[in-house]
Amino acid sequence: MKIKYLLYGLAGILAVLLPIILLPVDDELDAEAAAWLQRANDSQDTESNGYYFLTGIIAAPEEDPLTAGRAIHEAYLQAERKFLNGELKFGEFMKHEYYPPGRQLPEPEGDYYCRLREAGCFKRLANNPAVLRDELKTHAVLLERYLRYRRFEFIKKLAQPAMHEPFFSYGHILRGQKLLQFRIILDNLSANREGALRLLHEDIRHTRRHLAASFTLIDKMINLNRLAEDLDLLFEIEQPGASRESVPPLTAQERSLEAAMVNEFGSISNYLKHLDHYSESEDSTLYSALTVATLKPNMSLNALLPYYRAVSALSLADATEFSRAVETGLPKMEIGFNLRNIGGWAFTDYDSPSLTEYSGRLHDVDCKITLINGVLAGKGTDIANPYDPEQRPHLDKATQALCFDGPLPDDLQRRCVRKDADLRL
């Protein structure tokens with residue numbers, strides 16, 4: 001009898017809760033959230049030669065990257081339309097090939113395409129000039145394309161922000177930069193240090209312009225990696241002295257993640273809008289259906305906006321403010337539990353990657369700039385840590401790198417400098 005009344009009670013509770021949970025009425029989108037989404041969608045243009053070139057940089061040597069890029073982008077748009085119309089499953093869409101792999105411009109690889117932060121990398125390059133010349137001859141087309149890519153002032157984005165938006169072949173960009181570094185090292189070995197430094201500072205200026213204009217998070221981080229790699233080369237070949245060209249700290253626009261966060265927010269919005277398209281396995285069909293039925297996109301976006309706004313603000317904070325923010329607790333991507341939006345709560349109820357670490361990477365590269373300027377100015381280790389002006393850098397015995405401490409891990413030594421020759425302080 002007790003079980004019977006218990007079941008009646010549960011049925012009554014469900015009768016009350018289910019209409020609330022499944023009620024399709026969503027909240028109005030907050031004005032600020034709507035403005036962010038408008039910015040995300042308005043950031044796309046109908047034409048962008050820089051975007052086409054970056055898309056088509058993989059084209060065969062005899063093809064024009066601009067022409068190939070236009071064709072690749074149009075093929076992507078056609079496939080995307082089929083995916084969003086339900087004509088193409090998600091797995092098929094993501095495996096879609098827009099350019100024949102066998103025709104792509106080869107991406108160089110091998111031990112000579114090492115990162116300069118790695119011990120022995122610069123020495124390996126400097127001790128093998130014949131290999132560098134061979135690589136420059138073999139991959140002359142890629143170097144020419146990299147130099148051409150640098151000249152684009154601003155690359156306007158054409159694809160809508162989405163979880164499925166295509167990634168460019170950034171590997172070709174990074175390899176193209178490495179080929180330019182080969183040329184710079186060869187000039188330096190030929191006693192043309194002035195010409196080598198001129199080429200290097202020119203690449204740094206182009207890279208920083210791209211860093212300031214980055215439109216997605218991955219674009220921002222790729223350009224930051226390009227800058228860090230050039231800074232490491234500068235530290236290897238530059239000589240201490242008062243006449244050297246000092247490296248300015250990152251500007252607010254170079255550090256800003258606002259455009260990237262607007263794009264990320266737009267990507268989340270489009271994902272929620274088309275959530276039912278992203279599930280295709282039979283095991284996840286019921287889960288997907290329940291999530292879609294219980295998810296309120298506007299409620300979810302209203303709850304998520306403060307996180308993206310906070311990440312954007314952290315990128316503009318100075319290093320000491322960022323360090324204090326890490327100590328007091330970084331913002332988290334979460335949607336509070338709400339019976340009307342259980343699907344939205346479940347959407348963020350997992351270990352989502354923290355976007356705040358990307359602000360830390362930008363501050364870490366600023367630390368590298370501070371170290372380069374300080375050491376080459378003859379200050380030794382009497383260089384104030386941007387994160388804590390009372391601290392000074394320390395020499396890492398394992399890597400022989402001079403590093404600042406920081407609030408977040410730095411596995412890639414972004415806030416360090418090192419030389420393959422002895423570091424004299």
_Can you list the helices (runs of 4 or more DSSP H) lying wholly within the stretch 49-132 that have 2 or more residues being without any contact (Cβ under 8 Å) to a residue 60 or more places away in the chain, among the aliphatic types (A, V, I, L, M) and closer than 19 Å to Arg145 by Cα?_
65-84
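Conditions tested, residue by residue: (1) within 14 Å of Gly176 (Cα to Cα); (2) more than 24 Å from the chain's Cα centre (by Cα).
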position: Leu66; (1), (2): no, no
position: Lys89; (1), (2): no, yes
position: Cys114; (1), (2): yes, no
position: Val131; (1), (2): no, yes
position: Leu143; (1), (2): yes, no
_Given the condition touching an Asp or Glu at 6+ places or on another chain (Cβ under 9 Å), modelled with pLDDT of 95 or more and aromatic (Phe, Trp, Tyr), answer yes or no: does some residue in the stretch 180-187 qualify?_
yes
*Can you tell me how many residues in the stretch 366-425 are crowded, with 17+ Cβ neighbours inside 10 Å, closer than 17 Å to Asn225 by Cα and not aliphatic (A, V, I, L, M)?*
10
*asked:* Every residue in the stretch 336-358 that is under 24 Å from the mean Cα position of the chain (by Cα) and either modelled with pLDDT of 65 or more or among the β-branched types (Val, Ile, Thr) (or both), please.
replied: Phe347, Thr348, Ser354, Leu355, Thr356, Glu357, Tyr358
*Of all residues in the stretch 247-273, which are surrounded by fewer than 19 Cβ atoms within 10 Å (Cβ to Cβ) and part of a loop (DSSP other than H, G, I, E, B)?*
Pro248, Pro249, Thr251
_Among the listed residues Glu63, Glu32, Glu74, identify the single one that is closer than 24 Å to Leu217 by Cβ and at pLDDT 90 or above._
Glu32
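Quick grid of which residues meet (1) at positive phi; (2) of a type in the set (Lys, Arg); (3) surrounded by fewer than 16 Cβ atoms within 10 Å (Cβ to Cβ):
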{"site": "Phe93", "(1), (2), (3)": "no, no, no"}
{"site": "Tyr99", "(1), (2), (3)": "no, no, no"}
{"site": "Pro106", "(1), (2), (3)": "no, no, yes"}
{"site": "Lys123", "(1), (2), (3)": "no, yes, yes"}
{"site": "Arg133", "(1), (2), (3)": "no, yes, yes"}
{"site": "Tyr146", "(1), (2), (3)": "no, no, no"}
_For the stretch 378-417, which positions are more than 27 Å from Ala212 (Cα to Cα), out of contact with any Leu (no Cβ under 6 Å at 6 or more places or on another chain) and in a loop (DSSP other than H, G, I, E, B)?_
Gly378, Lys379, Asp382, Glu390, Gln391, Arg392, Lys397, Ala398, Thr399, Gln400
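The values are calculated or read from the model by the stated rules, or taken from the named source; none is laboratory data. No experiment lies behind these values; they were computed from the predicted model shown. Quick reminder, even Gly has a Cβ in these numbers, built from the backbone with ideal geometry, and neighbours come from all protein chains shown.
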